[in-house]
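Chemist: Dropping the structure in here first, questions after.
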Amino acid sequence: MIRIAGGAFAMGSEDFYPEERPVREVHVDAFELDATAVTNADFLAFVEATGYVTVAERPLDPAEFDEEALESIEPGSLVFTPTEGPVNLRDWRQWWRWVPGASWRHPFGPDSSIDDRMTHPVVQVAYDDALAFATWAGKRLPTEAEWELAARAGLDGATYAWGEEREPGGILQANTWQGRFPYRNTGANGWVGTAPVGSFPSNGFGLHDMIGNTWEWTADAWTPDHRGRPVSPVATPLAVLPSMAATESGSGCGCGCSAAPAGARGSRVTKGGSHLCAPEYCLRYRPAARSPQSEDSATTHLGFRCAR
């Protein structure tokens, strides 16, 4: 873990999406943050030590579904699937599909494996899964303010975690979508999908992949903007919502940018963007960017790191 000195900084941005406004001065106490996201190897050690079963692997709760739904829906999670060509970017269902048997061990479905991906960030983890790991490790999830302060690494007010240029000197700084979303991705330094943690330059604090690779859970409940927002000190779990598979029109998941309606109960702030962020669709690979995720969300582009 890396020690972050804390202090005051300008949180948010006035230049991009409304949920990032208004910019406000926030003070954060000193804390420690994992240098990288939690990896598959890390999560495997946790599961082997505790026998923990993730949200995506658990049988569906009959109390949350009608009988017809239970007959047609099996435990699983959301998997990104590229389209064959250009599509209407307002309809996330064209590139996300519910895959029975998809989980952290089998991120793309039951026939997939993490055997050759142990150094990649763990994905297909819901909020409660991240919180359980953090508790086992003697840590917690970072608050949104802690996360953003750490991502900025002293570059207060900068657009990106490394400054104002998206690719300074022509060097790609983060694992984000390269090409035309959601059908053509040429890969970020050769990586299509997640990359092993630490594959891209660290920020000024020595933290890797604070931007791109995977969105990351924070402790904070979602709010539609920063207006009057308190800074929460620790993670406190809310009740898990019914699975997103339960309804065709429930919480959506674009690239991770609209995974729950603004202000939805049971939603948490996620930060950092992911390998699915593309400028024509999701310019959220920035420290100020934020996205809501329902607590039961488990997808191929959502992970976490721990604080203390």
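Chemist: Mind checking which pairs have a first residue in the range 288-308 that is touching a residue at least 40 places away in the same chain (Cβ under 8 Å) and a second that is among the basic types (Lys, Arg) and in a loop (DSSP other than H, G, I, E, B), Cβ under 6 Å, 6 or more apart or different chains?
Modeler: As it stands, the answer is Cys306/Lys139; Arg308/Lys139, since those pairs meet every condition given.
Chemist: Let me ask you something else. Could you check how many residues of the range 27-72 are surrounded by 13 or more Cβ atoms within 10 Å (Cβ to Cβ), out of contact with any helix residue (DSSP H, G or I) (no Cβ under 9 Å at 6 or more places or on another chain) and either at pLDDT below 95 or basic (Lys, Arg) (or both)?
Modeler: 1
Chemist: Shifting gears a bit: Tell me which residues, restricted to the range 113-165, are touching a residue at least 24 places away in the same chain (Cβ under 8 Å) and in a strand (DSSP E or B). Break it down stepwise before answering.
Modeler: We begin by selecting, within the range 113-165, every residue touching a residue at least 24 places away in the same chain (Cβ under 8 Å); these are 114, 117-134, 136-162.
Once the filter is applied, which keeps residues that are touching a residue at least 24 places away in the same chain (Cβ under 8 Å) and in a strand (DSSP E or B), the range 113-165 yields Pro121, Arg140, Tyr160.
Chemist: Just the residues that are surrounded by 18 or more Cβ atoms within 10 Å (Cβ to Cβ), modelled with pLDDT of 90 or more and not in a strand (DSSP E or B), please, taken from the range 210-242.
Modeler: Selection gives Met210, Ile211, Asn213, Thr214, Trp222, Thr223.
Chemist: Quick test for you: out of Thr186, Thr159, Thr135, pick the one residue that is open to solvent by 50 Å² or more (accessible area, probe 1.4 Å) and either aliphatic (A, V, I, L, M) or out of contact with any strand residue (DSSP E or B) (no Cβ under 8 Å at 6 or more places or on another chain) (or both). Reasoning before the result, please.
Modeler: On the way: Thr186 fails: either aliphatic (A, V, I, L, M) or out of contact with any strand residue (DSSP E or B) (no Cβ under 8 Å at 6 or more places or on another chain) (or both); Thr159 fails: open to solvent by 50 Å² or more (accessible area, probe 1.4 Å).
Result: Thr135 is the single residue among Thr186, Thr159, Thr135 that is open to solvent by 50 Å² or more (accessible area, probe 1.4 Å) and either aliphatic (A, V, I, L, M) or out of contact with any strand residue (DSSP E or B) (no Cβ under 8 Å at 6 or more places or on another chain) (or both).
Chemist: Here is a follow-up. Run Asp129 past the list (1) open to solvent by 50 Å² or more (accessible area, probe 1.4 Å); (2) acidic (Asp, Glu); (3) closer than 24 Å to Ala56 by Cβ and report the number of the one that doesn't hold.
Modeler: Going through the list (1) open to solvent by 50 Å² or more (accessible area, probe 1.4 Å); (2) acidic (Asp, Glu); (3) closer than 24 Å to Ala56 by Cβ, Asp129 breaks only (1).
Chemist: Hey, another quick one. If I ask for residues that are aliphatic (A, V, I, L, M), touching a strand residue (DSSP E or B) at 6+ places or on another chain (Cβ under 8 Å) and open to solvent by 10 Å² or more (accessible area, probe 1.4 Å), which ones from the range 162-183 would you list? Before you say what the answer is, go through the steps one by one.
Modeler: Start the filter on the range 162-183 by keeping residues that are aliphatic (A, V, I, L, M), which leaves 171-172, 174.
Checking the rest, the ones that are also touching a strand residue (DSSP E or B) at 6+ places or on another chain (Cβ under 8 Å) come to 172, 174.
If the condition is that a residue be aliphatic (A, V, I, L, M), touching a strand residue (DSSP E or B) at 6+ places or on another chain (Cβ under 8 Å) and open to solvent by 10 Å² or more (accessible area, probe 1.4 Å), then Leu172 is the only one that fits.
Chemist: Something else now. Taking the stated definitions as given, is Pro75 under 23 Å from the mean Cα position of the chain (by Cα) and either without any contact (Cβ under 8 Å) to a residue 12 or more places away in the chain or open to solvent by 40 Å² or more (accessible area, probe 1.4 Å) (or both)? Give the steps one after another, and end with the answer.
Modeler: On the way: under 23 Å from the mean Cα position of the chain (by Cα): yes; either without any contact (Cβ under 8 Å) to a residue 12 or more places away in the chain or open to solvent by 40 Å² or more (accessible area, probe 1.4 Å) (or both): yes.
Against the criterion (under 23 Å from the mean Cα position of the chain (by Cα) and either without any contact (Cβ under 8 Å) to a residue 12 or more places away in the chain or open to solvent by 40 Å² or more (accessible area, probe 1.4 Å) (or both)), Pro75 qualifies.
Chemist: Check off (1) outside any helix (DSSP H, G or I); (2) more than 30 Å from Asp225 (Cα to Cα); (3) free of Cβ contacts under 8 Å to residues at least 40 places away in the same chain; (4) within 23 Å of the chain's Cα centre (by Cα) for Ala45 and give me the number that stays unchecked.
Modeler: (1)
Chemist: So, in the range 197-209, of the ones that are touching a strand residue (DSSP E or B) at 6+ places or on another chain (Cβ under 8 Å) and under 25 Å from Pro292 (Cα atoms), which residue ends up most open to solvent (accessible area, probe 1.4 Å)?
Modeler: Restricting attention to the range 197-209, the residues satisfying the condition of being touching a strand residue (DSSP E or B) at 6+ places or on another chain (Cβ under 8 Å) are 197, 199-200, 205-207, 209.
When the remaining residues are screened for being under 25 Å from Pro292 (Cα atoms), the result is 197, 207, 209.
Values: Val197: 35, Leu207: 2, Asp209: 11 Å².
Residue satisfying both the conditions and the ranking: Val197.
Chemist: Same structure again: When you look at Trp147, is it in contact with a His (Cβ under 8 Å, 6 or more places away or on another chain), buried (at least 19 other Cβ atoms within 10 Å of the Cβ) and under 17 Å from Ser274 (Cβ atoms), yes or no? Quick ask: steps written out before the conclusion?
Modeler: Numbers: in contact with a His (Cβ under 8 Å, 6 or more places away or on another chain): no; buried (at least 19 other Cβ atoms within 10 Å of the Cβ): yes; under 17 Å from Ser274 (Cβ atoms): yes.
No: the conditions fail for Trp147.
Chemist: To continue, here is another question. Conditions first: (1) surrounded by fewer than 23 Cβ atoms within 10 Å (Cβ to Cβ); (2) assigned to a loop (DSSP other than H, G, I, E, B); (3) modelled with pLDDT under 50. Pro279 passes all but one, so which condition is the exception?
Modeler: That leaves (3) as the condition not met.
Chemist: Still on this structure, please answer the following. Given Pro100, Pro107, Pro18, which one is open to solvent by less than 60 Å² (accessible area, probe 1.4 Å) and under 20 Å from the mean Cα position of the chain (by Cα)? Even if it seems obvious, please write down each step before you answer.
Modeler: Values: Pro100 fails: under 20 Å from the mean Cα position of the chain (by Cα); Pro18 fails: open to solvent by less than 60 Å² (accessible area, probe 1.4 Å).
None of the other options fit; the residue is Pro107.
Chemist: Also: Kindly list the number of the only condition in (1) in contact with a strand residue (DSSP E or B) (Cβ under 8 Å, 6 or more places away or on another chain); (2) open to solvent by 70 Å² or more (accessible area, probe 1.4 Å); (3) at pLDDT below 95 that fails for Gly6.
Modeler: Gly6 satisfies all of (1) in contact with a strand residue (DSSP E or B) (Cβ under 8 Å, 6 or more places away or on another chain); (2) open to solvent by 70 Å² or more (accessible area, probe 1.4 Å); (3) at pLDDT below 95 except (2).
The values are calculated or read from the model by the stated rules, or taken from the named source; none is laboratory data. None of the values given here were measured: they were computed from a predicted structure. Because the Cβ atoms are built from the backbone with ideal geometry, glycine has one as well, and the counts that use them run over all protein chains shown. Note: accessible area is taken over every heavy atom of the protein model, side chains too, but ligands, DNA and RNA are not part of it. Shrake-Rupley method; radii C 1.70, N 1.55, O 1.52, S 1.80 Å.
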